[in-house]
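Derivation of every value follows stated rules applied to the coordinates shown; laboratory data play no part. Quantities reported herein were computed from a predicted structural model and do not represent experimental measurements. Positions of Cβ are generated from backbone atoms using ideal geometry, with glycine treated the same way; all protein chains shown enter the neighbour counts.
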Amino acid sequence: MNPEASSAADSLLLFKDVTLGYGDFTVLAGIDIDVRRGQVVAMMGGSGSGKTTLLRAATGQILPKQGTVTAFGENIAAADNNKLRALRQRMGVLFQQGALFTDLNVFENVAFPLREHTQVSEAQIIERVLDKLNAVGLRAAAHLSISEISGGMARRVALARAIVLEPELILYDEPFAGLDPISLGITAQLIRGLTDTLNCASVLITHDVAESFAIADQVYMVGQGKLLAHGRPDDLSSSADPYIRQFLNGEPDGPIAFHYPETPAFTAWLQRQGGKP
Ligand SMILES: Nc1ncnc2c1ncn2[C@@H]1O[C@H](COP(=O)(O)OP(=O)(O)OP(=O)(O)O)[C@@H](O)[C@H]1O
């Protein structure tokens, strides 16, 4: 088989020379990312560096200004609405506020996508939902109402709901934010374990170096409008690059700017306010 064809077939998510932005504002340019089945991939970078923007491009919420984003071998920009819906059904997205339905109990929250998107029998629904709740350690919490569970448990219920349709690609937006150290470790191991048992791929957007390095196969680091580094956690840990060092060590001083960069739009706005550039 030619290497090009085999590499495209193994990639669940592929960014090729991608430029992303909003209106005239370019957030990231020249981005190449390859996410393969069975991998946990961490996307890291400072605040405002464009991590959420990458996630939006992966789901087709925004289209590249340049380059191609391919999910499951399909160019997202060329997909019509039906195709895009079909592609999204193969992705599980876990937002930071994995908003649960408070009027449904834990079981019904997880059952919701099955009832909404499939025709499976009630017996199948019970089996699949309990299986996914078991995977996140909450089988015996199925009957509880959302008001009866803790914040950490709610995250796990949202995770069970995100995986109930057995997605091939799971996208996590800041899965570790606001968790205590024990829940953090449990969540990281859960992400690794689910990726292995479902044989899917997981993409995490995160600031958490220790936890994501412990479970990731590949790490992509973005900043200064581009992809700054990518590789295995070990490769990045031993890098002498000042940006990588500053990020990994959480140092306040270094190449990562604290200040949001001034743009022509800001200068024009400031002048309209009577301020000095
Ligand atoms: N809808 C939008 N319209 C215009 N600009 C946007 C929009 N969303 C984000 N941006 C800008 O794009 C840049 C990247 O934002 P993004 O949310 O992707 O960063 P991030 O790395 O996820 O940040 P954080 O870690 O702080 O959540 C920022 O400068 C932000 O102001």
- Note on the structure: So, relative contact order of the chain in percent, Cα under 8 Å, 6 or more apart, is 23
- Query: Measuring from label point to label point, each 7 Å out along Cα→Cβ, what is the Glu148 to Asn249 span in nm?
  - Reply: 5.1
- Mind checking the full-extension length gain between Ala78 and Gln66? Use 0.36 nm per residue of separation minus the Cα-Cα distance, one decimal, nm. 3.0 nm
- Length added when fully stretched, Gln271-Ala177, from 0.36 nm per residue minus Cα-Cα: 30.1 nm
- At q = 0.13, 0.24 Å⁻¹, the log10 of I(q)/I(0) for the range 98-166 from a Debye sum over equal Cα scatterers comes to -0.29, -1.00
- Computed curve, the range 1-119, Cα-only Debye sum without solvent term, log₁₀ I(q)/I(0) at 0.18, 0.22, 0.23 Å⁻¹, is -1.06, -1.32, -1.37
- Amide H contacts of Leu94 (H built 1.01 Å from N, under 5 Å, at least 5 apart or other chain): Leu171, Tyr172, Asp173
- What is the list of residues in the range 37-69 whose amide nitrogen lies under 17 Å from a point 7 angstrom out from the Cα of Arg85, following Cα to Cβ? 60-61
- Message: If I fit a long axis through the Cα atoms of helix 106-117 and take the longest principal axis of the Cα atoms of the chain, what angle between them do I get, 0 to 90°, rounded to 10?
- Response: 80
- Pairs of alpha carbons in the chain whose separation is greater than 26 Å (percent): 48
- R0 of 41 Å, Cβ-Cβ distance Ser47-Ser121: FRET efficiency to nearest 0.05: 0.30
- Task: Find how much the distance from Arg56 to Tyr260 grows on full extension, using 0.36 nm per residue of separation minus their present alpha carbon separation; answer in nm with one decimal.
- Result: 71.3 nm
- Arrange Asp32, Asp208 by Cβ neighbour counts within 10 Å, fewest through most, would you? Asp32, Asp208
- Task: Could you pull out every one of the lysines with an alpha carbon less than 16 Å from that of Lys226, ignoring same-chain neighbours closer than 8 positions?
- Result: Lys16, Lys51, Lys65
